[in-house]
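Student: Just dropping this structure here.
The values are calculated or read from the model by the stated rules, or taken from the named source; none is laboratory data. Just so it is clear, the structure is predicted and the values come from calculations on it, not from any experiment. Note that we place each Cβ from the backbone using ideal geometry, even for glycine, and neighbour counts take in every protein chain shown. Each accessible area value is taken on the protein alone, full model and side chains, heavy atoms only, with ligands, DNA and RNA left out. Shrake-Rupley method; radii C 1.70, N 1.55, O 1.52, S 1.80 Å.
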Amino acid sequence: MRIFEPPPGALELALAGEAVALLPERALWWPRERALFVADVHLGKAASFRALGQPVPSGTTRDNLERLSQLIDGLGARSLVVLGDFLHAATAQQAQVIEPVRAWRERHAALRCVLVRGNHDSHAGDPPPALRFDIVDEPFRIGPFAACHHPQQVAGAQVLAGHLHPAVQLRGRAYDHARLPCFCEAPGMLILPAFGAFTGTTLQLPAQTLCCYATGDGTVTALPWNGGRR
């Protein structure tokens, strides 16, 4: 019996006695607390590359923020928990990145925003105070969950983490393949895929991985883990 109706394409999962939804938009929804979790947004990454003279696309910050807004508005979220790496680097602390974030924050003025510091946050610096983020260190306890950036074990809590940018590679019969971001479940923890659009992925998942939940084509699909062979 379902406790709630998951959004279209989402996959319902029970974690620490709580019903959550893994969203195809690469986020986790905790309906009882109306809390949205994302990891590894990496705002300003493209701007950082352009500052080094690399010809990468512009507009990724606004695209990422719009995707967040669509989830917040569509779900009626009351809080947003970022599992580390909200800003990519110190070069993100410039007007072309921060001003769109400021406008996004004003659009969601009633939303509580929490940032669990990640490794990139330590280099980028905390978001400006005007953005009204609660800045915390890992592990950050919220109900039965421990919000972290780095995958780890926390006694008495179900860990929600990021950092790895996990993905799986699917192979077809005609030697074609697709690399899909995924949620990675291991004992005591769930690792979220990177939310940011301009981020890399890794196929090197923890040895204790139990199951992957691939995101693609607007759905989340459970894929029992077999060491990466598909």
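Student: Kindly establish whether R171 is surrounded by fewer than 18 Cβ atoms within 10 Å (Cβ to Cβ), in contact with a helix residue (DSSP H, G or I) (Cβ under 8 Å, 6 or more places away or on another chain) and not hydrophobic (A, V, I, L, M, F, W, C).
Tutor: For R171, the condition - surrounded by fewer than 18 Cβ atoms within 10 Å (Cβ to Cβ), in contact with a helix residue (DSSP H, G or I) (Cβ under 8 Å, 6 or more places away or on another chain) and not hydrophobic (A, V, I, L, M, F, W, C) - is not met.
Student: Moving on. Filter region 111-135 down to residues that are part of a loop (DSSP other than H, G, I, E, B) and open to solvent by 20 Å² or more (accessible area, probe 1.4 Å) and give me whichever is farthest from R34 (Cα to Cα).
Tutor: First pass over region 111-135, keeping only residues part of a loop (DSSP other than H, G, I, E, B): 111, 117-118, 125-128, 132.
Applying the additional criterion that residues be open to solvent by 20 Å² or more (accessible area, probe 1.4 Å) yields 117, 125-126, 128, 132.
On the way: R117: 22, G125: 28, D126: 25, P128: 25, R132: 19 Å.
Top of the filtered list is G125.
Student: Does region 1-20 hold any residues that are open to solvent by 30 Å² or more (accessible area, probe 1.4 Å), modelled with pLDDT of 85 or more and of a type in the set (A, V, I, L, M, F, W, C), and which are they?
Tutor: Selection gives L11, A14, A16.
Student: For region 119-129, indicate whether the set of residues that are without any contact (Cβ under 8 Å) to a residue 24 or more places away in the chain and either within 22 Å of L75 (Cβ to Cβ) or out of contact with any strand residue (DSSP E or B) (no Cβ under 6 Å at 6 or more places or on another chain) (or both) is non-empty.
Tutor: yes
Student: Taking the stated definitions as given, is E138 out of contact with any Asp or Glu (no Cβ under 7 Å at 6 or more places or on another chain), open to solvent by 30 Å² or more (accessible area, probe 1.4 Å) and at pLDDT 95 or above?
Tutor: On the way: out of contact with any Asp or Glu (no Cβ under 7 Å at 6 or more places or on another chain): yes; open to solvent by 30 Å² or more (accessible area, probe 1.4 Å): yes; at pLDDT 95 or above: yes.
It is true that E138 is out of contact with any Asp or Glu (no Cβ under 7 Å at 6 or more places or on another chain), open to solvent by 30 Å² or more (accessible area, probe 1.4 Å) and at pLDDT 95 or above.
Student: Then there is this: Taking V97 and the conditions (1) open to solvent by less than 10 Å² (accessible area, probe 1.4 Å); (2) at pLDDT below 95; (3) under 26 Å from T219 (Cβ atoms), which numbered condition does it fall short on, given that it satisfies the others?
Tutor: Checking V97 against (1) open to solvent by less than 10 Å² (accessible area, probe 1.4 Å); (2) at pLDDT below 95; (3) under 26 Å from T219 (Cβ atoms), the one that fails is (3).
Student: List pairs: first in region 70-89 and free of Cβ contacts under 8 Å to residues at least 40 places away in the same chain and farther than 15 Å from P193 by Cβ, second of a type in the set (A, V, I, L, M, F, W, C) and part of a loop (DSSP other than H, G, I, E, B), Cβ under 8 Å, 6+ apart or cross-chain?
Tutor: Short answer, once both residue conditions are applied: I72/L111.
Student: Residue pairs, Cβ under 7 Å, 6 or more apart or interchain, first in region 149-168 and of a type in the set (S, T, N, Q), second surrounded by fewer than 22 Cβ atoms within 10 Å (Cβ to Cβ) and not in a strand (DSSP E or B). List them.
Tutor: Between residues of region 149-168 that are of a type in the set (S, T, N, Q) and residues that are surrounded by fewer than 22 Cβ atoms within 10 Å (Cβ to Cβ) and not in a strand (DSSP E or B), the close pairs are Q153/G188; Q158/A16; Q158/P144; Q158/G188.
Student: Tell me whether region 39-54 contains one or more residues that are under 26 Å from A124 (Cβ atoms) and modelled with pLDDT of 95 or more.
Tutor: Yes, there is a match, as at least one residue in region 39-54 is under 26 Å from A124 (Cβ atoms) and modelled with pLDDT of 95 or more.
Student: Report, by residue number, each residue of region 1-30 that is outside any strand (DSSP E or B) and in contact with a strand residue (DSSP E or B) (Cβ under 7 Å, 6 or more places away or on another chain).
Tutor: R2, I3, F4, P6, P7, G9, A10, A16, P24, R26
Student: Is it the case, given these coordinates, that I72 is more than 24 Å from H150 (Cβ to Cβ), within 19 Å of the chain's Cα centre (by Cα) and either of a type in the set (A, V, I, L, M, F, W, C) or buried (at least 19 other Cβ atoms within 10 Å of the Cβ) (or both)?
Tutor: Working: more than 24 Å from H150 (Cβ to Cβ): yes; within 19 Å of the chain's Cα centre (by Cα): yes; either of a type in the set (A, V, I, L, M, F, W, C) or buried (at least 19 other Cβ atoms within 10 Å of the Cβ) (or both): yes.
Answer is yes for this residue.
Student: Same structure again: With the requirement that a residue be among the hydroxyl-bearing types (S, T, Y) and in contact with a strand residue (DSSP E or B) (Cβ under 6 Å, 6 or more places away or on another chain), what does region 186-220 give you?
Tutor: Matches in region 186-220: T201, T209, Y213, T215.
Student: Sticking with this structure for a sec: Might you let me know whether region 195-203 holds any residue that is modelled with pLDDT of 95 or more, hydroxyl-bearing (S, T, Y) and open to solvent by 50 Å² or more (accessible area, probe 1.4 Å)?
Tutor: Checked against the condition, which is being modelled with pLDDT of 95 or more, hydroxyl-bearing (S, T, Y) and open to solvent by 50 Å² or more (accessible area, probe 1.4 Å), region 195-203 yields no hits at all.
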